1. Taking H placed 1.01 Å from N in the peptide plane, check which residues at least 5 places from ALA187 or on another chain put their amide H under 5 Å from its amide H.
2. Given a cut-off of under 8 Å on Cα pairs at least six residues apart, what relative contact order in percent is computed for the chain?
3. Under 5 Å between amide H atoms, partner at least 5 residues away or on a different chain: which partners does ILE50 have, H built in plane at 1.01 Å?
4. Apply the Karplus curve 6.51 cos²θ - 1.76 cosθ + 1.60, θ = phi - 60°, to the phi angles in the range 33-45 and return the couplings in whole Hz, x for Gly and Pro.
5. Around VAL48, with a cut-off of 10 angstrom between Cβ atoms, what is the net charge of the other residues, counting Lys and Arg +1 and Asp and Glu -1?
6. Quote to one decimal, in nm, the extra length available between GLN76 and VAL8 on full extension: 0.36 nm per residue of separation minus the C-alpha distance between them.
7. Report the net charge of residues surrounding PHE118, where surrounding means a beta-carbon distance below 14 angstrom and charges are Lys +1, Arg +1, Asp -1, Glu -1.
8. Checking the cross-link filter: which lysines have an alpha carbon closer than 23 Å to that of LYS213, excluding same-chain neighbours under 8 positions apart?
Amino acid sequence: MSLWTTEVEGGVCVATYSFPPMNYIGAQGTQEMMDLIESWKAPEIRAVVINGGVKGKFITHYYGEELTTLDPAHIQNCRVLGLSPIPEYSGMLRCLQQLPKPVIVAMNGDAMGGGFEFCLACDIRIGERGDYRYGLPETRLGLIPGGGGTQRLPRLIGVAKAMEFILRGRVVPPEEALSLGIISDLADDALARAKEIARELAALPATGLARAKRVVYEGSETHIDGGLAIENAAFLDVMVAEDAAQVVGEYLSLPLEERRAWLERRK
């Protein structure tokens, strides 16, 4: 039985993960998500929303019992080769981050460890008010975040804050996550808010969104001159994009005094 279900409306695909009772994610959920990511490259999909389908659980964390079944020889080979012992999960999160469509995650339940790392690989994180916890508790178990958390969290909130967060194995309620900058919005209904933002993005020219996403991520991983070069190349791409030209033409055809109101409505 599939662990992911999807529905598409108005160019927005909503994907829901359900694996009761704890909504852990493992090999099956990872492979199914890889298949979904590939399908989301279709032009009719303009934005993606991801949420948890078990009450109080987004993705609680990676399936720990599954990790204990890994062959010690496999782990040793990974150490020699410098590879992740669960490369499928890390690779899936990288593909999710590189998807040229906006991905909004509705964190409508606990999201810790691998589940929190899943959220970090999404573009916009919406928290939900409630008795939920977000974070990276791995050091409390003698481990470290192994799904990109040590790399994505510092890029999100800065090295100093991320260092303290990771070393202490912190898990925090949604309100504290907002104050730390881990989530961008806090709502009574995270899924409804995520859908609202997704519909807004789905109405915008797709080329500009795809290039903006790529430039932000790739630019943040290099020096300023390299980032500006990436930005310049992407700007040239959108300058000749048909969808952008159509909207720019509509904007420039307006009387000057109407343009600000048009920009506000455009969202």
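Every number in this text was worked out from the coordinates using simple rules, so none of it is lab data. For clarity, every value in this text was computed on a predicted model and none was experimentally measured. Note that each Cβ is placed from the backbone with ideal geometry, even for glycine, and that neighbours are counted across all protein chains shown.
1. GLY127, GLU128, ARG129
2. Values: 447 pairs, mean separation 46.0, N = 267.
Relative CO of the chain lands at 17 percent.
3. Those qualifying (amide H under 5 Å, at least 5 residues apart or on another chain) are ALA15, ILE104, VAL105, ALA106.
4. With the stated coefficients, the range 33-45 comes to 5, 4, 5, 5, 4, 4, 5, 6, 6, 4, x, 6, 8 Hz.
5. Values: positive: ARG46, LYS101; negative: ASP123.
Charge balance near VAL48 sits at +1.
6. Numbers: separation 68, 0.36 × 68 = 24.48 nm, distance 4.29 nm.
Full extension of this stretch gives 20.2 nm more.
7. Working: positive: LYS57, ARG94, ARG125, ARG152; negative: GLU32, GLU88, ASP110, GLU117, ASP123.
Combined, the nearby Lys, Arg, Asp and Glu give -1.
8. Straight-line reach from LYS213, under 23 Å: LYS41, LYS101, LYS195, LYS267.
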